[in-house]
Amino acid sequence: MDLLLQLLLEALLLGTFYAFLSLGFSLTWGVLNILNLAYGSLVVLGSYLAYSLFNAVGVDPIVSLPISFAVGFGLGLLLQASFVNRVIKLEPFMVLILTFGLDILISHTLNYFFKADIRSIDVPYAEGSLVVGNLIVSKVKLLVFILSLLFTFLLFVFLKFTWTGRAIRAVALDVEGARLVGISPERVFALTMGIGTGIAFLSGNLYGILQGFTPFDGGFLTVKAFLVSVLGGLGRVESALLGGLFLGTMEIFVSFYAGESWKLFASLVLMILVLIFRPRGLMGGKYYGEA
Amino acid sequence: MRALEVIGVEKSFGGNKVLKGISFGVEEGETVGIVGPNGSGKTTLLNVIGGVIRQDRGRVLAFGKDISSRRPSERARLGIGRTFQITRLFSNLTALENVMIALHYGSSLPATKEKALEILEEVGLSHKAKDRASSLSLAQRKRLELARALALQPRVLLLDEVFAGLNPVSIKEIVDLLKRLREERRITLILAEHVLKALFQLTERVLVLSEGRLIFDGRPEDMAQNEEVIKAYLGERYVGKGS
Amino acid sequence: MARLEKVIFIFFAVLAVLPLLLPDWPYWGRVLSSALMLSSLALAQNVLLGYTGYPAFGGIAFFGIGGYTTAILMKSYSVPFLPSLLVGGMVAGFTALIIAPPLMRLKSHYFAITTLALQLALGEVVANLEFTGGTDGINLPIYRGPFEGYFFHFMFLFLALISFLINLWVDRSVFGYALKAIREDEVAAESVGVNTVLFKSFSFGISSFLTGLVGGVYAYWITYIDPTSMFDPLLSVKTFVALLLGGVGTTIGPLLGAFLLEMVSEIVWSGLTEVHGIILGLLIVLGILLVPRGILGVR
């Protein structure tokens, strides 16, 4: 019983992080209709940014969070300005290859500068664990959980209650309709790309706090983001939480009962099954507009 | 023998009932028009007969054979040819290749090419044989689709709005072509149609669909007198006025 | 037959006698083998993407299946190379044929990403199982026998030739026309009597059979295989870059693209292994942005 509770707790902590991680991916998918295979590498880029800020300038990894978001946001705007506008006109499959190329570019560039060694960011005041009854909670995991939940909530409020957020949802639902009521889709696309990449960097910063990382972690992070998005049904922020918890639970239990090495396999098989049998996701929701 | 028999066909799309128990039969060699306001279920009905859409309930028989669960391709080879409301040609292939694909069973490529040219000749498109399908005009695309269906040696032809968007000259040409085909090959024609004038030159029998129900089955001249038909087309308040 | 295609046959003939002419054969043999291997992979994917319209981005899954089947048969069951290779190709082909009906309900990038997931998942399975050697991989014996030093050049040449002939056949056969109909419009294809599930499954099967054969030859050539090298996403992307670069849906495009990509990589950055990945990534990004329709500019 204690064991089960402990595993469920781990799943909750991890799953919430996955939920937040996936939001940038599913936002650009839902609004710009781009399946960004470089997403995981953008996350890792965020991890290395936080790592460098900490090691070179001594910026606390919590303090670096807003910096991460800002840099990610800027990079997103840059990506949008440089080629996303052209990409939207391409066949979806070409976009896939393109973003895969970007993934290779980012991961190998990181590898060139940082080498393939595992790096990590230490948070001195969050070492050790809390003991609650028979449960053990690592402080780092708890910290990342709380921050993920906070950021997820902020995004939820932003999309639901601000005019800008509503504009994003409107564009997700119907580009031409949004144009008719005076929203500029181009600006919304740029903003979405900025926020999406900002979220990637933010979650990269958190990922760096949570565990060690290498330049080549991007691939399986993309798989996670993808999986959470399709599990939740590519839509509402709430459903990303469900998708994240589902993935977190699966990973924790597969790791515990079958072994760490089967974790990725289980995710991939689940991804294939969902794509074939429930392409609109387990929740059946559609795009961000339908919130 | 009955060329086609539709028995109690029902179909819903996500809770929205589009066909509500449709039944009718068509004799071999007969020409039947299916009319009705937009959204009455005409195209869905043709899609169910052609097999693109699987009905929820009911059966479809062709020449006495139950084809309810056959793939569209099997139905095509059983002799049910069709055209689409918005033409669906193989756009990047030539007109000739479009017809050749429909012919492809059981003969060599050169023989197929010759046969395909004959069919294009029949619909008056042989001069466009080497052109890409996407480069043809609307009227030409409709003819090509017809040619492609004819390549199957069909016994039943399902035509979805074949006159829509055509000028009177083109309409007359297609009407004449269909008349000729009917005489020469005894093909059974089923036309879902908006252009009633052209339709009435071809058919003695009309089915009227309204909101997924079959509300009229009879001769075109009786259609205008039928209250339900008037109601379906013009709305409740016109019934009784002017008579 | 188009003139360019005749040129390709002359090109194959030249490649067959090249070992006698070139100095420094071990080096050029390796370069040519790589180019021919990539050509075969691109030609195999061309059957599926170019003629049928399905991008199997994770088609390298079948490269892995073919390679591992060949290696395991040779190593654990002492089966000679050629029969092992043939079985390897057939296992790959039949696997594709069986999974095609559910898998090919997906189209475009959804199909692409599902096959990619399949490729990665297979890599994970192989890494976790005992009889596949796990992450340690499998060592194969070094080839000894006739044509030593030229054997793999001729094997890859043969595979490329077969793949090219299959592309020629698909390009202008009744079977190929059915595939093209599927590529253009599946509903219309059905309406003229093409059983789309059957034909696209066969297309996937043929393409995967060829890919499996290439994997088998590669395994024996390189003599050491492991999950990372046999299910490598980089090889997937290289295959498609070669294909897209040369021109999808043409018989000679894939060959052209593969040789170009392999020669450029050999000449330009053979000395710069450190930045190989960076340049490849840059090449893909720029290539797709600047030449989205390939060199031959079709479709």
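To the nearest 10 Å², what's C:SER39's accessible area with a 1.4 Å probe?
0
Along the Cα→Cβ direction, 7 angstrom out, place labels at C:SER76 and B:ASN226. What is the inter-label distance in nm?
7.0
Which aspartates and glutamates, if any, have their Cα less than 16 Å from the Cα of B:LYS17, not counting same-chain residues under 8 positions apart?
B:ASP56, B:GLU211
For chain C, set up a Gaussian network in which alpha carbons nearer than 10 Å are linked by springs, and say which option among C:LEU49, C:LEU286, C:LEU179 fluctuates the most.
Maximum fluctuation in the GNM of chain C, among the listed residues, is at C:LEU286.
Checking an interface number: how much accessible area is buried between A and C, summed over both chains, with a 1.4 Å probe, in Å² rounded to 100?
Interface area, both chains combined: 3500 Å², rounded to the nearest 100.
Would you calculate a helix-derived [θ] at 222 nm for chain B, using -39,500 (n - 2.57) for each DSSP H run of n ≥ 4 and dividing by the full residue count, to the nearest 500?
-10000 deg cm²/dmol
What is the distance, in nm, between label points placed 7 Å from the Cα along the Cα-to-Cβ direction at C:LEU18 and at B:SER134?
It is 3.5 nm.
Would you mind calculating the gained length between B:PHE13 and B:GLU121 on full extension (0.36 nm times residue separation, minus the Cα-Cα distance), in nm to one decimal?
Here the segment from B:PHE13 to B:GLU121 would lengthen by 34.8 nm.
Please give the calculated 222 nm ellipticity per residue for chain C, where each DSSP H segment of at least 4 residues contributes -39500 (n - 2.57) and the sum is spread over every residue; nearest 500 deg cm²/dmol?
My calculation for chain C gives -24500 deg cm²/dmol from helical runs alone.
Specify which residue in the list A:LEU130, B:LEU196, A:MET271 is farthest towards the positive end of the charge dipole of the protein assembly as shown, using unit charges on the beta carbon of Lys, Arg (+1) and Asp, Glu (-1), about the Cα centre.
Most positive-ward Cα: B:LEU196.
With +1 on each Lys and Arg Cβ and -1 on each Asp and Glu Cβ, and nothing else charged, work out how big the dipole of the protein assembly as shown is about its Cα centre, in Debye to the nearest 20.
In debye, rounded to 20, the protein assembly as shown gives about 1820.
Could the peptides C:252-261, A:66-75 be put in order, highest first, of the mean number of other beta-carbon atoms found within 10 Å of their residues?
My ranking of the peptides, most packed first, is C:252-261, A:66-75.
About its Cα centre, how strong a charge dipole does chain A have in debye, to the nearest 20, once Lys and Arg get +1 and Asp and Glu get -1 at the Cβ?
640
Give me a single rounded figure for C:176-186: the average over its residues of other chain Cβ atoms within 10 Å of their Cβ.
If you average over the peptide's residues, the count of other-chain Cβ atoms is 5.
Scaled to the compact-protein estimate 2.2 N^0.38 Å, what is the alpha-carbon radius of gyration of the protein assembly as shown, rounded to two decimal places?
Scaled against compact globular proteins, the figure is 1.08.
Per the 1.4 Å probe, what fraction of the accessible area of the range B:104-243, in percent, lies on carbon and sulfur atoms?
50
Where does helix B:138-150 land angle-wise versus the long Cα axis of chain B, in degrees 0 to 90, nearest 10?
80
Classify the range B:114-155: rounded, prolate or oblate, from the alpha-carbon gyration tensor (a ≥ b ≥ c, eigenvalue square roots; a/c under 1.5 rounded; otherwise prolate if a/b is larger than b/c)?
oblate
For labels at C:ASN139 and C:PHE94 in the simple 7 Å Cα→Cβ model, what's the distance in nm?
3.2
Using a Förster radius of 41 Å, what is the FRET efficiency between B:GLU204 and A:GLU176 based on their Cβ-Cβ separation? Nearest 0.05, please.
Plugging the Cβ-Cβ distance into 1/(1 + (r/R0)^6) gives 0.35.
Can you tell which of A:ILE118, A:ILE199, A:ILE183 shows the greatest fluctuation in a Gaussian network model of chain A with Cα springs below 10 Å?
Checking each option, the largest mean-square fluctuation is seen for A:ILE118.
If you build a Gaussian network model of chain A, linking Cα atoms that sit under 10 Å apart, which residue out of A:VAL43, A:VAL31, A:VAL137 swings the most?
Taking springs between Cα atoms under 10 Å, the residue moving most is A:VAL137.
With 27 Å as the limit, write out which pairs from B:LYS128/B:LYS179; B:LYS115/C:LYS180; B:LYS197/B:LYS231; B:LYS130/C:LYS6; B:LYS42/B:LYS65; A:LYS89/A:LYS263 have Cα-Cα distances beyond it, or answer none.
Violating the 27 Å Cα-Cα cut-off are A:LYS89/A:LYS263.
Counting other C-beta atoms within 10 Å, and keeping those with at most 15, which DSSP coil GluC sites (Glu not before Pro) do you find in the range C:137-208?
Within the range C:137-208, the qualifying GluC sites (Glu not before Pro) (loop, at most 15 other Cβ atoms within 10 Å) are C:GLU148.
Quick one: check the C-alpha center-to-center distance for the range A:110-134 versus the range C:189-249, whole angstrom.
Taking the Cα centre of each part, the range A:110-134 and the range C:189-249 sit 41 Å apart.
Alpha carbon centre of the range A:195-258 versus the range C:59-128: separation in Å?
Taking the Cα centre of each part, the range A:195-258 and the range C:59-128 sit 28 Å apart.
Please report, in debye to the nearest 20, how large the charge dipole of chain B is about its Cα centre when each Lys and Arg carries +1 at its beta carbon and each Asp and Glu carries -1 there.
Once rounded to the nearest 20, the dipole reads 600 debye.
Can you pull the percent of the range C:3-290's accessible area that's carbon plus sulfur, 1.4 Å probe, other chains left in place?
72
For a quick protection proxy, order the peptides A:56-62, C:219-225, A:207-213 by their average other-Cβ count within 10 Å, most packed first.
Listed from highest to lowest mean packing, they are A:207-213, C:219-225, A:56-62.
Report, as an integer, the average count of C-beta atoms from other chains found within 10 Å of each Cβ along C:119-130.
For peptide C:119-130, the averaged partner shielding equals 4.
Compare the Cα positions of A:VAL175, A:THR249, A:LEU231 along the charge dipole of chain A (+1 at Cβ of Lys, Arg; -1 at Cβ of Asp, Glu; about the Cα centre) and return the one farthest towards the positive end.
Farthest towards the positive pole: A:VAL175.
Hey, if you put +1 on the Cβ of every Lys and Arg and -1 on every Asp and Glu Cβ in the protein assembly as shown, which of C:PRO26, C:ALA121, A:MET193 ends up farthest toward the positive end of that dipole?
After comparing all options, I get A:MET193.
Quick check for you: with a 1.4 Å probe and neighbouring chains kept, what is the accessible area per residue of chain B, in Å²?
Using a 1.4 Å probe on heavy atoms only, each residue of chain B averages 45 Å².
Suppose we keep just the DSSP beta bridges with both residues in the protein assembly as shown; what percent of those would be antiparallel, to 5?
65
List the pair-distance distribution P(r) of the range A:2-290, using every Cα-Cα distance, as the percent of pairs falling in each 5 Å bin from 0 up to the bin containing the longest distance, rounded to whole percents.
So the P(r) values, bin by bin, are 1, 6, 12, 17, 20, 18, 13, 8, 4, 2, 1, 0.
Would you compute, from DSSP H runs of 4+ residues alone, the mean residue ellipticity of chain A at 222 nm, taking -39500 (n - 2.57) per run and dividing by the full residue count, rounded to the nearest 500?
Counting only the DSSP helices, I get -23500 deg cm²/dmol.
Cβ under 12 Å from C:ASP136's Cβ, C:ASP136 left aside: what net charge do those residues give with Lys, Arg +1 and Asp, Glu -1?
Local charge sum for C:ASP136: -2.
Mind checking how much accessible area C and B bury in total, 1.4 Å probe, in Å² rounded to 100?
Chains C and B together bury approximately 2000 Å².
The values are calculated or read from the model by the stated rules, or taken from the named source; none is laboratory data. Keep in mind it's a predicted model, so treat the numbers as computed, not measured. We place every Cβ from the backbone using ideal geometry, glycine too, and count neighbours over all the protein chains shown. Quick note on the areas: whole protein, heavy atoms, side chains included, nothing else; ligands and nucleic acids left out. Shrake-Rupley method; radii C 1.70, N 1.55, O 1.52, S 1.80 Å.
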